[in-house]
1. Select, from A:Leu29, A:Leu137, the only residue that is in a helix (DSSP H, G or I) and of a type outside the set (D, E, K, R).
2. May I ask you to list the residues in segment B:16-31 that are over 13 Å from B:Ser143 (Cβ atoms) and either in contact (Cβ under 8 Å) with a residue 40 or more places away in the chain or among the acidic types (Asp, Glu) (or both)?
3. Which one is nearest to the other protein chains (Cβ to nearest Cβ), of the residues in segment B:70-120 that are charged (D, E, K, R), under 14 Å from B:Leu15 (Cβ atoms) and open to solvent by less than 50 Å² (accessible area, probe 1.4 Å)?
4. Does segment A:91-107 hold any residues that are in a helix (DSSP H, G or I), closer than 18 Å to B:Val94 by Cβ and in contact (Cβ under 8 Å) with a residue 12 or more places away in the chain, and which are they?
5. State whether the residues of segment B:154-172 include one that is of a type in the set (Gly, Ala, Ser), in a helix (DSSP H, G or I) and at pLDDT 90 or above.
6. Before we move on, is A:Leu37 buried (at least 21 other Cβ atoms within 10 Å of the Cβ), in the same structural domain as A:Gly178 (by TED's automatic domain parsing) and assigned to a strand (DSSP E or B)?
7. Which one of A:Val98, A:Val191, A:Val157 is outside the structural domain of A:Leu29 (by TED's automatic domain parsing) and either under 17 Å from the mean Cα position of the chain (by Cα) or not basic (Lys, Arg) (or both)?
8. Report, by residue number, each residue of segment B:26-44 that is over 23 Å from B:Leu110 (Cβ atoms) and loosely packed, with under 12 Cβ neighbours inside 10 Å.
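The values are calculated or read from the model by the stated rules, or taken from the named source; none is laboratory data. Please read all numbers here as calculations on a predicted model, not as lab measurements. Glycine also receives a Cβ, built like all others from the backbone with ideal geometry; neighbour counts cover every protein chain displayed. Just so you know, the surface numbers come from the protein's heavy atoms only, side chains and all, with ligands and any DNA or RNA stripped out. Shrake-Rupley method; radii C 1.70, N 1.55, O 1.52, S 1.80 Å.
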Amino acid sequence: MVIPLRLKAENLSCERGGRLVFKDLSFDLVAGEFAELRGPNGVGKSSLLRLLAGLNTSSSGRLSLEGGAPDTNLAEQSHYIGHAEANKPALTVRENLVFWQKFLGGSENANSFSAFKLEALADDQVLLLSAGQKRRLALTRLVVAHRPLWLLDEPTVGLDTASLIILQNHIHDHLKNGGIVIAATHAELGVKSAINIQLGKAA
Amino acid sequence: MFQQALALTTRDVALARRQGGGLGAAFGFILSVMVLIPLAIGPDQILLSKLAPGLMWLALLLSVLLTADRMFQQDFEDGSLDVMAMAKLPLEIVTLAKVLAHWFTVSLPLAIITPPLGLLMSIDVGQLPILLVSMVIGSLALSLLAAVGGAVTAGLRRGGLLVSLLVLPLYIPVLIFGVAASSANLSPSSSTPALTVLCAITLMSLVISPWACAAALKAYLR
């Protein structure tokens, strides 16, 4: 029997540069659920996503992911798309994607270019792309290799309306296939969220 | 795991080819040192050929050092390191893959180019093979040790000087035994002990450096 995915966080607290960013944060997400991370600037949205991605070591609390692939930790089962987009400007769109597909252990997949409509740009160097196109390239990483948990840090920045709809569709598909998505955002993503994680005091 | 590491090495080699910079600047450095030294020391050919192996090693070592601070900086700044740190591939293997790319694109070409340049210092042609062998072996250690400095300063804007201060002490054994191997007199057997120690240093760096780099890079992830 396949155990459905379940991400459980208990009493998370996060420290950055000796300052406590948030504490006693708990939430519980199951397969197919989308969580929206809200709060004013500097309240720890990115820090929480990095903590979930295993990129913040100075934190405490309990995090567990049930029902994923065996012998893999939370970070290995997550996609993290942050503000730094991990694109190499000197390489072409194709080279960037092929590298990440190999590195992340994705299957050879011809539609990865079409995921965010990058077919026409495949052989352009990334340094020639606009900010929105670079963001689409970074988001394409979501589909080049499968990861059950998506951690998105303001994924809509720089995206035009058409791309925003594509992103929504990808999130919907991922949720339908039993994935979990957590996104920090200020804009409306247009995806129905199971829970809202509100960080900090509403000013 | 091997495929992922290979993909990373291939990408870094492609990046180095596309961006240039590293090798070109380092080669320019070696070339100018080699051209200037005979002018500085004077036309005494015997003195020059005696000093040549040591000065050539010094030039190679410093030129590799010039490229050290860029080894992890870009990956750190553009977020690639975050994604790599999350992957199943251990960060030690990630650094090793990157060091190998650095060796292929910077240290190894320099180690091959440097011995012939020794002719500018009227070095004996018979000494070139042993110089080449010792430099090729030592260059891997140079890349590995430079990576430690590069990893420690990955998040610093102007880490160049700090890298030199950190890495130069680690380079001392490579320098001593590299020079000993290549300036031993012309019979091949006399350079064997120093060459063996040089191999040992390289192998030891191969074990310790990825681990040290990974530890340094992990400290930056927060």
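1. Values: A:Leu29 fails: in a helix (DSSP H, G or I).
Being in a helix (DSSP H, G or I) and of a type outside the set (D, E, K, R) holds for just one of A:Leu29, A:Leu137, which is A:Leu137.
2. So in segment B:16-31, the residues over 13 Å from B:Ser143 (Cβ atoms) come out as B:17-21, B:24-25, B:27-31.
If the condition is that a residue be over 13 Å from B:Ser143 (Cβ atoms) and either in contact (Cβ under 8 Å) with a residue 40 or more places away in the chain or among the acidic types (Asp, Glu) (or both), then B:Arg17, B:Gly21, B:Ala25, B:Phe27, B:Ile30, B:Leu31 are the ones that fit.
3. Ranking the candidates gives B:Asp78 first.
4. A:Asn96, A:Trp100, A:Gln101
5. Going through segment B:154-172, the residues of a type in the set (Gly, Ala, Ser) turn out to be B:154-155, B:159-160, B:164.
Then keep just the ones that are in a helix (DSSP H, G or I); that gives B:160, B:164.
If we keep only those that are at pLDDT 90 or above as well, we get none.
There is no residue in segment B:154-172 that is of a type in the set (Gly, Ala, Ser), in a helix (DSSP H, G or I) and at pLDDT 90 or above.
6. On the way: buried (at least 21 other Cβ atoms within 10 Å of the Cβ): yes; in the same structural domain as A:Gly178 (by TED's automatic domain parsing): yes; assigned to a strand (DSSP E or B): yes.
Taking the combined requirement at face value, the residue satisfies it.
7. Numbers: A:Val191 fails: outside the structural domain of A:Leu29 (by TED's automatic domain parsing); A:Val157 fails: outside the structural domain of A:Leu29 (by TED's automatic domain parsing).
It is A:Val98.
8. Looking only at segment B:26-44, we keep the residues that are over 23 Å from B:Leu110 (Cβ atoms), and these are B:42-44.
B:Gly42, B:Pro43, listed by residue number.
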